[in-house]
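Every number in this text was worked out from the coordinates using simple rules, so none of it is lab data. This structure is a prediction, so every number in the text was calculated from the model and none was measured. Cβ atoms come from the backbone with ideal geometry, glycine included; neighbour counts cover every protein chain shown.
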Amino acid sequence: MADPTSAPLRVAIVGSGGMAVARAERIAARSDMDLVVIAGRNPETRASLAARFGVEHTQDWESTVARTDMDAVIVTTHPDTHAPMGAAVLAAGKHLFSESPLALSPLDASRLLRLADQSDLVIRVGHTSPLRPGPRLVRRQVAVLGGALHDDLVVHFPHDLRAGRDAGFDQRISGHPLVYAILLGYPAIYGRGPITHIAAAVTQEPAGHAFDRAVAVVNLRFRDGGLATITYRRGFDGDAESGRTVICRQGVVDFSEAADHIGVTDAGGPRMLLIPDADPWNDELSEFVAAIREGRPMSVSAREAARVVDIIDAARRAADAGSAFAEI
Ligand SMILES: NC(=O)c1ccc[n+]([C@@H]2O[C@H](COP(=O)([O-])OP(=O)(O)OC[C@H]3O[C@@H](n4cnc5c(N)ncnc54)[C@H](OP(=O)(O)O)[C@@H]3O)[C@@H](O)[C@H]2O)c1
């Protein structure tokens, strides 16, 4: 291991897609991290990413995570691989940064937590959405307005027909549609405390592993009596927007993914608040390094990331159980 006080954290990235690029760009601009190697199955993207940052590349992620000249591994592959790759990283004695979700089952998530605890290793999961400046500003305003009574959050990918599209349409790779409903709807859950009721429903066409279009709706009730509704849509045409309306005890907060401001309405009338600039993808890396080097708490702990997996599992069980309401 490198000198824990001064040497940069030596990292490998597994995967060479969108998030591998996003993390590599940020690591390259940091003095406390050193990208050593890219391990990916895609020969073209891994070679071009490695060339861009002047590092090695290989197809063999298993040997990569076992290397002794590495302190941490960033897993940027699809959800089906996170648990086995994460387990191999931790078993090799390396700190783990995994893109979300931590795992696709609570059993796998708890195994990863146990492995990390046994060897005193840090797990950070890339739950970036609640740390983005828009959702952070919303959260602050919701607190000012006395807390949320109902958070209505919509995730809609515009012009998202399936032809030629990504792994998000294949449940064998990305998990059930409720996985991304919860991951992308997480800003409505983050920091709201324990969930006491959960109901969910999913419609998808065609039935089976790979779908062309799907809608997932999750209803949550929190211990403080507040509610949230998360709607996640994939595979539709048109340009509908993603956003949120949070009905608070003393006002309303509106957020659109496309806007540079949020709307706040209270007893003083409506106003707009500009969303500040920030780089949450880099902030997550900063938290990861500070947790390893100084034992500092992270905004999303490994346990909270495992709780997200539990929430996904509870939503799936609720959807499988069918509606709690009789047909009238
Ligand atoms: N933090 C955030 O804001 C954020 C944003 C978007 C996504 N994500 C998360 O990041 C992860 C990746 O998403 P993405 O958008 O980067 O996907 P992507 O662009 O499709 O990249 C995934 C990469 O993983 C590689 N890969 C998949 N399975 C592999 C395996 N078994 N062995 C080696 N390499 C493998 C893929 O190779 P091929 O090219 O051969 O497929 C590709 O290079 C997902 O878990 C997603 O939830 C996070």
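How large is the helix-only mean residue ellipticity at 222 nm for the chain, computed as the sum of -39500 (n - 2.57) over DSSP H runs with n ≥ 4, divided by its residue count, in deg cm²/dmol to the nearest 500?
-11000 deg cm²/dmol
Per 5 Å bin, what percent of the C-alpha pairs of segment 137-239 does each bin hold, from zero upward?
Binned Cα distances yield the sequence 2, 12, 22, 21, 15, 11, 9, 5, 1, 0.
Report ³J(HN,Hα) in whole Hz for each residue of segment 297-308, in order, from the Karplus equation J = 6.51 cos²θ - 1.76 cosθ + 1.60 where θ = phi - 60°; Gly and Pro get x.
Result, rounded to whole Hz: x, 9, 5, 10, 6, 4, 5, 5, 5, 5, 4, 4.
Considering every pair of different Cα atoms, what Kirkwood radius, in Å, is found for the chain?
After inverting the pairwise mean of 1/r, the radius is 20.9 Å.
Before anything else, pin down the relative contact order of segment 1-113: Cα pairs under 8 Å, at least 6 apart, normalised by residue count, whole percent.
Relative CO of segment 1-113 lands at 25 percent.
If the elastic network links every pair of Cα atoms under 10 Å, which of ASP34, ASP260, ASP283 fluctuates the most in the Gaussian network model of the chain?
Result: ASP260 has the largest fluctuation of those listed.
Starting from the eigenvalues of the Cα gyration tensor, five times each then square-rooted, give me the equivalent ellipsoid semi-axes of segment 190-328, largest first, whole Å.
29, 24, 19
Can you say what percent of the DSSP beta bridges in the chain, counting only those with both residues inside, are antiparallel? Round to 5.
60
Give the peptides 244-252, 121-129, 190-198 in descending order of average Cβ contacts within 10 Å, highest first.
121-129, 244-252, 190-198
Which net charge results for the neighbourhood of PRO133, defined as the other residues with beta-carbon distances under 13 angstrom from its beta-carbon, given Lys and Arg at +1 and Asp and Glu at -1?
For residues surrounding PRO133, the net value is -1.
Where is the GNM fluctuation largest for the chain (alpha-carbon springs, 10 angstrom cutoff): ALA210, ALA143, ALA291?
Fluctuation is largest for ALA143.
Relative contact order (percent) for segment 203-328, with alpha-carbon contacts under 8 angstrom and 6 or more residues of separation?
With pairs under 8 Å counted, the relative contact order is 10 percent.
Kirkwood Rh over Cα pairs of segment 1-114 into Stokes-Einstein at 4 °C, 1.567 mPa s: D in µm²/s?
Rounded, D is 92 µm²/s.
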